[in-house]
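Chemist: Before we start, here is the structure in question, set down as structure tokens.
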Amino acid sequence: MDSIAVIPPFQITKREEEGDEGEYWNMLECRHKGKIMLVLEGNWIAKNKISRITILSPTIRLNNIFVGQTIKNIRDQIDDKRIESAPDGILLLPIKGYKNIVLQMDISHISPNNPLWFGVYKVKTLPPNMRIQSIIITEDFINE
């Protein structure tokens, strides 16, 4: 991340999260002025090992990719060949050149009847004003 040096001091809150099937894992929420900037998550197997980082703050950036950025400004940076179907109302877009970083897009303003809720296969079909909701970095990237 090219903006990591400008992250302001933050408060860390630890909590335990319960999954769908009764498993538990630890989470650390990093807050600045009451807002969550990023979340560090363990997993239910190795509870103290960070396996996922979710960035929720627009101040943490990867070049021009940041929370709140619109798809029209980063469309050429999305890896069209690696988009996976997510038929549960979550749209995750992979970034070219980063195997384990995905962008979770905000589709809250899109009707649940829209095909976007059931997956997307071409970035060019996405509305230009669609925004990044969060940036997710998964375990393989963290351990490289």
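The values are calculated or read from the model by the stated rules, or taken from the named source; none is laboratory data. All of these numbers come straight from a predicted model, not from anything done at the bench. Glycine gets a Cβ as well: all are built from the backbone with ideal geometry, and neighbour counts include every protein chain shown. Side chains are part of the model used for accessible areas, which takes the heavy atoms of the whole protein and leaves out ligands, DNA and RNA. Shrake-Rupley method; radii C 1.70, N 1.55, O 1.52, S 1.80 Å.
Chemist: Which value, in Å² and to the nearest 10, is the accessible area of residue 139 when all protein chains are kept and the probe is 1.4 Å?
Modeler: Taking all protein chains as shown, residue 139 has close to 50 Å².
Chemist: Shifting gears a bit: Residues in region 48-82 near a label at residue 32, defined as backbone nitrogen under 17 Å from the 7 Å Cα→Cβ point?
Modeler: Within reach of a label on residue 32: 54-69.
Chemist: Sort region 25-105 into rounded, prolate or oblate with this rule: let a ≥ b ≥ c be the square roots of the eigenvalues of the Cα gyration tensor; rounded if a/c is under 1.5, and if a/c is not under 1.5, prolate when a/b is larger than b/c, oblate otherwise.
Modeler: Oblate, because a/c is 1.5 or more while a/b does not exceed b/c.
Chemist: Note the full-extension length gain between residue 99 and residue 24 as 0.36 nm times their separation in residues minus their Cα-Cα distance, in nm to one decimal.
Modeler: 24.4 nm
Chemist: Would you list 47, 14 from the most to the least accessible area, probe 1.4 Å?
Modeler: 14, 47
Chemist: Sticking with this structure for a sec: Strictly over 27 Å apart at the Cα level, which of 72/96; 14/96; 35/124; 49/99; 49/81 would you flag in this model?
Modeler: 14/96; 35/124; 49/81
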